[in-house]
1. Please report the carbon-and-sulfur percent of the accessible area for the chain; probe 1.4 Å, protein heavy atoms only, DNA, RNA and ligands left out.
2. Given a 1.4 angstrom probe, what's the average accessible area per residue across the chain, in square angstrom?
3. Suppose every K and R has +1 on its Cβ and every D and E has -1 on its Cβ; what is the size of the dipole of the chain about the Cα centre, in Debye to the nearest 20?
4. Given C-alpha coordinates of segment 66-112, what is the ratio Rg to Rh with the Kirkwood estimate of Rh?
5. Please report the net charge: other residues with Cβ closer than 14 Å to the Cβ of residue 14, K and R +1, D and E -1.
6. Express in % the proportion of alpha carbon pairs of the chain at distances exceeding 21 Å.
7. Could you tally the net charge around residue 114, taking each other residue with its Cβ under 15 Å from the Cβ of residue 114, Lys/Arg +1 and Asp/Glu -1?
8. Residues with amide H under 5 Å of residue 66's amide H, sequence separation 5 or more or different chain, H placed in the peptide plane at 1.01 Å from N; which?
Amino acid sequence: QVQLVESGGGLVQPGGSLRLSCTGSGFAFSCYVMGWYRQAPGNQRQLVARISSGGVTNYADSVKGRFTVSRENSKNTVYLQMNSLKPDDTAVYYCNAFVVPDTNYWGKGVLVTVSS
């Protein structure tokens, strides 16, 4: 049974930092592109950052220079280090695992709230 379990969300003040973690099981984690998406109320789910099986990373323009995605295949875990958080970063963050041609797995999401 495939599972993606996110952790690390919560309430943080503007300018603060959080690190999200996502641990996968039931699939060949190291072979998958691992991504983080987010969805704010009333908005569509959008890509935040992703990292390929070979370690190549991509970021949304809105988070470049502030967020860092990394993976630790020995622990089947992907991380999202979020620095200099802004209120606009408030959203539910979802972990995603993807492999061609069309296999997609999703976590249940974790809430990040940036507010003073």
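The values are calculated or read from the model by the stated rules, or taken from the named source; none is laboratory data. Just so you know, these numbers come straight off a predicted model, no measurement behind them. Please note: Cβ atoms are built from the backbone with ideal geometry, for glycine as well, and neighbour counts cover all protein chains shown. Calculation scope for accessible area: heavy atoms of the full protein, side chains included, ligands and nucleic acids excluded. Shrake-Rupley method; radii C 1.70, N 1.55, O 1.52, S 1.80 Å.
1. Details: 2890 of 6210 Å².
For the chain, the apolar C and S fraction of the accessible surface comes to 47 percent.
2. Accessible area per residue, the chain: 54 Å².
3. Details: 10 positive and 6 negative charges, 23 e Å.
Using Cβ point charges on Lys, Arg, Asp and Glu, the chain gives about 120 debye.
4. That ratio is 1.02, to two decimals.
5. 0
6. Values: 2031 of 6670 pairs.
Pairs farther apart than 21 Å: 30 percent.
7. Combined, the nearby Lys, Arg, Asp and Glu give +2.
8. none
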